[in-house]
Amino acid sequence: MSLWQKLTGREPKDPTRYPDSGAKHTLLLGGAGPNADIVRASRKHVVVADLRRAPGVTLLANLEDPFPFKDATFDEVFSLEFLEHIPHPDLPRVLKECRRVLAKGGRWLSGCPDMEVLASWFGLQCECVDGWQADPKCAKCGGRARISPSRWLKSVFGNQEDYGDARRGDTHKNGLWFGRVKELLEEAGFAEVKRVDAGVYYARFKADTKVVVEANRG
Ligand SMILES: [Zn+2]
């Protein structure tokens, strides 16, 4: 049992889902979601930063601003479903902040909707898709559709929930794909940028619409 479970009595959704990175101090960005427990269960020490007040958030901060940490505080910066919520003009600076708070050799890992896939699925939307499965007998798409129109809209533009602070935190403000993330990371000074298997961090089928990227602080 992890210290987090002992203190909170909460069970992670799936304690085996994320491989242990070996990190001693992890910064979880935009952690006010269900994956915070899974990250905690597979890491030694996690600071959870989010704009939104929620169970498990240890640091309330607008991450569009400079991060409230000293240089080289963490050896891992982890995020899922975070990058697409940062306005696109601000992302280069946010990535520089990620690198600044990482120690030498530290690891950056992030997953977000893959706009390359979602763009290619624009013509593969159909109401018949239930979960991720099209109706093989559908008269409209002949079973070829990959995504429902509502899920396509949410994947591209976010759920657009207002967290009560009028920032509409769940609106997507950026569209990303591997080539773009790689370019931005390298401009921010990161090295060894590579795509990793999204299936490790996302449920089956959902993983097909996600891009997960890992990089080294250098
Ligand atoms: Zn159909």
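The values are calculated or read from the model by the stated rules, or taken from the named source; none is laboratory data. The structure presented is a predicted model; accordingly, all values stated were derived computationally and were not measured. We place every Cβ from the backbone using ideal geometry, glycine too, and count neighbours over all the protein chains shown.
Of the residues making up segment 136-146, those that are more than 6 Å from the ligand (Cβ to nearest atom), surrounded by 12 or more Cβ atoms within 10 Å (Cβ to Cβ) and closer than 20 Å to D208 by Cα are G143, R144, R146. When S148 is tested against (1) in contact with a strand residue (DSSP E or B) (Cβ under 8 Å, 6 or more places away or on another chain); (2) within 27 Å of D20 (Cβ to Cβ); (3) not aliphatic (A, V, I, L, M), only condition (2) is not met.
So which of R204, R144 ends up being part of a loop (DSSP other than H, G, I, E, B) and in contact with a Leu (Cβ under 7 Å, 6 or more places away or on another chain)?
Values: R204 fails: in contact with a Leu (Cβ under 7 Å, 6 or more places away or on another chain).
Criteria check complete, one pass: R144.
Each row is one residue, and each column tells you yes or no for (1) in a loop (DSSP other than H, G, I, E, B); (2) modelled with pLDDT of 95 or more; (3) over 21 Å from L184 (Cβ atoms); (4) under 24 Å from the mean Cα position of the chain (by Cα).
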position: K96; (1), (2), (3), (4): no, yes, no, yes
position: L118; (1), (2), (3), (4): no, yes, no, yes
position: K137; (1), (2), (3), (4): yes, yes, yes, no
position: W152; (1), (2), (3), (4): no, yes, yes, yes
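Annotation: F205 fulfils all but one of (1) under 19 Å from S79 (Cα atoms); (2) of a type in the set (F, W, Y); (3) surrounded by fewer than 16 Cβ atoms within 10 Å (Cβ to Cβ); the unmet one is (1).
For E161, the conditions (1) within 16 Å of the ligand (Cβ to nearest atom); (2) surrounded by fewer than 12 Cβ atoms within 10 Å (Cβ to Cβ) all hold with the exception of (1).
Scanning segment 120-135 for residues that are part of a helix (DSSP H, G or I) and either within 16 Å of the ligand (Cβ to nearest atom) or among the acidic types (D, E) (or both) yields a count of 3. Figure legend. Inter-residue proximity from segment 138-160: first residues among the hydroxyl-bearing types (S, T, Y), second residues within 10 Å of the ligand (Cβ to nearest atom), beta-carbon distance below 7 Å, spacing 6+ or different chains. Indicated pairs: S148/Q125; S148/E127; S148/V129.
When segment 86-127 is examined, which residues are found to be farther than 15 Å from A23 by Cβ, touching a strand residue (DSSP E or B) at 6+ places or on another chain (Cβ under 7 Å) and not small (G, A, S)? Steps first, please.
Keep residues of segment 86-127 that are farther than 15 Å from A23 by Cβ, which gives 86-97, 99-100, 111-127.
Checking the rest, the ones that are also touching a strand residue (DSSP E or B) at 6+ places or on another chain (Cβ under 7 Å) come to 111-114, 121, 124-125.
Correct list: C112, P113, D114, W121, L124, Q125.
Beta carbons closer than 7 Å, at least 6 apart along the sequence or on distinct chains, pair a first residue in segment 99-128 that is surrounded by 19 or more Cβ atoms within 10 Å (Cβ to Cβ) with a second that is in a strand (DSSP E or B) and small (G, A, S) for W108/A215; S110/S79.
Is it fair to say L29 is touching a residue at least 12 places away in the same chain (Cβ under 8 Å), within 28 Å of S150 (Cβ to Cβ), touching a Gly at 6+ places or on another chain (Cβ under 9 Å) and among the hydrophobic types (A, V, I, L, M, F, W, C)?
Working: touching a residue at least 12 places away in the same chain (Cβ under 8 Å): yes; within 28 Å of S150 (Cβ to Cβ): yes; touching a Gly at 6+ places or on another chain (Cβ under 9 Å): no; among the hydrophobic types (A, V, I, L, M, F, W, C): yes.
No: the conditions fail for L29.
What single numbered condition from (1) within 16 Å of the ligand (Cβ to nearest atom); (2) modelled with pLDDT of 95 or more; (3) out of contact with any Pro (no Cβ under 7 Å at 6 or more places or on another chain) fails to hold for W177? So the condition that W177 fails would be (1).
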